[in-house]
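Working notes, structure below.
The values are calculated or read from the model by the stated rules, or taken from the named source; none is laboratory data. No experiment lies behind these values; they were computed from the predicted model shown. Virtual Cβ from ideal backbone geometry, glycine too; neighbours counted across all protein chains shown.
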Amino acid sequence: MISPEQVEKIKEQLMAHIEKGFPNDKKEFAKNRVQTMDAEQLEAFLKQNNLVKGNQAGAEGPQGCIFCSIVSEQISSNKIGENKDAIAALEINPVSNGHTIIIPKEHVAGKENLPKSVFSLAETISNLIKTKLKPKKIETVSSNFFGHEIINVIPVYDSENIDSARSPAKPEELLELQKTLLEKKKQIASAKPKRTKIKAEKIRLPKRIP
Ligand SMILES: [Zn+2]
């Protein structure tokens, strides 16, 4: 594990890298991502991108793509759903409570290039959030970072949207939210005991003798 001092140092370097190399409208988002990573996530991220020695599993996904790292589980996430083409994970910098990102497993840019099942996962997650968190409505917006198209599922309680102010969610908050969303409805135990049908015993009548 890397030390807290190293974490700070590495974050500083990544920030400088973002400042120099990212388009202006993506800077804040990327910086936020880096800033909220803990030591473990940061280390996984560095390994994924061949930035430290001892990397064995960095072959997947284009370099620097955080979403590929999440899909390959090199960076941990709070998953709330998955199908063959995508995973659904709670956004760590949500614009509202329950903000979820649908991450296609393939590193693909462009909404039109995504397989249909990515959208069906978005639909499923929207319904789940509607039922559990009771927002006014849900907005789904696609966005593209690091060349990886994702779909944001945003519960709207007031007038939140994709450009609203984001605030980092605490890991324990995300865990709690994940639990709430994944909790199955408890079956209501019926007060009355079940009536058991008693099978009428077949009574063999003696053959009538004519
Ligand atoms: Zn990617």
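For the condition modelled with pLDDT under 95 and either touching a helix residue (DSSP H, G or I) at 6+ places or on another chain (Cβ under 9 Å) or part of a helix (DSSP H, G or I) (or both), what is the one hit in ASN144, ASN127? Can you show your working first?
Numbers: ASN127 fails: modelled with pLDDT under 95.
Result: ASN144 is the single residue among ASN144, ASN127 that is modelled with pLDDT under 95 and either touching a helix residue (DSSP H, G or I) at 6+ places or on another chain (Cβ under 9 Å) or part of a helix (DSSP H, G or I) (or both).
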Item to check | Criterion (part of a strand (DSSP E or B) and within 13 Å of the ligand (Cβ to nearest atom)) met by exactly one of ILE75, ILE80, ILE87 | outcome: ILE87
Checklist entry - Does SER117 qualify as being away from the ligand (no atom under 15 Å from the Cβ), of a type in the set (Gly, Ala, Ser), in contact with an Asp or Glu (Cβ under 9 Å, 6 or more places away or on another chain) and not in a helix (DSSP H, G or I)? => result no
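Being among the hydroxyl-bearing types (Ser, Thr, Tyr) and either modelled with pLDDT under 95 or under 24 Å from GLY64 (Cβ atoms) (or both) is the requirement here; does THR100 meet it? Before the answer, list the steps.
On the way: among the hydroxyl-bearing types (Ser, Thr, Tyr): yes; either modelled with pLDDT under 95 or under 24 Å from GLY64 (Cβ atoms) (or both): yes.
Judged against the criteria, THR100 is a match.
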Checklist entry - Are any residues in region 89-112 of a type in the set (S, T, N, Q) and either farther than 16 Å from GLU173 by Cβ or under 9 Å from the mean Cα position of the chain (by Cα) (or both), and if so, which ones? => result THR100
Checklist entry - For region 145-181, which residues satisfy the criterion of being touching a residue at least 12 places away in the same chain (Cβ under 8 Å) and among the small types (Gly, Ala, Ser)? => result GLY147, SER164, ALA165, SER167, ALA169
